[in-house]
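We did not get these values from a lab; they are worked out from the coordinates using the rules stated. Bear in mind the structure is a predicted one, so any value in this text is a computation, not a measurement. Glycine gets a Cβ as well: all are built from the backbone with ideal geometry, and neighbour counts include every protein chain shown.
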Amino acid sequence: MAAQRLQNWFCLKVGRDNFKPHNVKDKNLTFCHQHLLTDEILGSIERRFAGNEPVKMLLYGDWGVGKTHAINHICWWLDEHKDDYAARTIVIEIGDITKSTRFDVIVGPFIDAIGLPELTELIHAYLKQHQNAIKALEDSGVAAPVAGALGKLLLAVPGQAPPPMVLHAVDYLKGRKLSGAAASMGFGPQLNGSGDFYNVLLGIGELYRAVRGVRLIFIADEAAKVESVDADDSARAHWVNVNKLIFDDTNNTFGFIYTISGRRRDLPQALFEPQLQNRLGENVFEMKNLIPADVGGFLKSLAEEFVDKSAVEALVASGDIAAAEYNWNSYPFTDAGRHDFIDFFSRAQEDSKPRDISSKLNDVAFVAMKSGKRLIDPDVLRAAKM
């Protein structure tokens, strides 16, 4: 006999194995924080576009509260409304950072995410618009060494393997030190200053603006790791300076969004010191842990999106689920089970986050299934040590 699964036991829809939302697959959905996402965050994006300004934003909150889902929802929303909000989003998760890390740790992954083929197409299309692509980039505000390195990508032929010079140019733009023959191929000094890395983003953003007619929005997820650089004065100053350039009004070319796991008092100074707060203004949003009413709304949203209601009510009609205990508004709980589940998270506010709640829901659903119960009642919660 095949092992029973949550999908069948709780009548989950095709493609749903459990009660956990998926950041990418469910990017069009909002299970919680609806007001924050729809009215405040998306409202901020609408206002920036209305003023012909790039999106600049910082989202923060506890780990698991929904920040990654929020940025995926932003990307989905912009794509759905691309006729009104022409944007191209590039998302990376910030990797390992030490106290001496510089901004190349972000610039490199952004370049990789875009890819050399795309950059090659952009620079060739840009040349068709301007007789001298390098000079045009410089005229748009891009520093000469960065403009020159982007110009070297013209040596690549779209669809063909790039020559060594192009690969060296990509390494140079990532801030890597060139050695051997590459060091004498007409590149400037190694890029490692805050202004250098800002100019790389500026140059790429200008290509997208001019060629594609869209605003490029760089999105850096999990920026809490940046707190490591606060331990080094030089590194912290480097990050503060590059972020001042990014968030300043003089940058009218590309957008930038950070997400940070942490509470306001714990945010890295390198991303949240006063000069940066002033530049970001009201475009800083906290995603808070869910209050009891929001936990209930989250559970209801999960049931509505994940559960086949007609299949559940067929079980009620057949007697497999006791009609006296069933209430669709409480499913997959009994009324008392739902009350106690929500009460648990009202007493454990530090765990009252979408990720923790959905994980716990899977746990208690498994206990109910093993007990032969189609609904999660208080006895199931006690057996699950809630």
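For region 67-286, what is the per residue volume of the convex hull drawn over the alpha-carbon atoms, in cubic angstrom?
Measuring per residue, one finds 130 Å³ for the Cα hull of region 67-286.
Cβ-Cβ distance of E304 and N278, R₀ of 45 Å, FRET efficiency by 1/(1 + (r/R0)^6): the value works out to about 0.60. By the equivalent-ellipsoid construction on the alpha carbon gyration tensor, region 253-386 comes out with semi-axes of 40, 16, 11 Å, ordered largest to smallest. Here each label is just a point 7 Å from Cα along the line to Cβ, and for E286 and V214 those points are 3.4 nm apart. Annotation: for a label point projected 7 angstrom from Cα along Cα→Cβ of M165, residues of region 104-140 with backbone N closer than 14 Å are 134.
Label separation (S234 vs H22): 4.6 nm, computed from points 7 Å beyond Cα along the C-beta direction. Taking region 222-252 and a reference point 7 angstrom along Cα→Cβ of H130, the backbone N atoms nearer than 20 Å belong to 246, 250-252.
Once the Cα-Cα distance is subtracted from the 0.36 nm per residue extended length, the A317 to Q4 segment shows a gain of 110.5 nm. A simple packing score, the average count of other Cβ atoms within 10 Å per residue, orders the peptides 277-290, 102-115, 174-187 as 102-115, 277-290, 174-187, with the highest score first.
On the beta carbon distance between V157 and A86, with R0 = 30 Å, the FRET formula returns roughly 0.60. Dividing the convex hull volume of the alpha carbon atoms of the chain by its residue count gives 178 Å³ per residue. Think of the chain as a dipole: +1 on every Lys or Arg Cβ, -1 on every Asp or Glu Cβ, centred on the Cα centre; then among V211, P54, A365, V211 lies furthest on the positive end.
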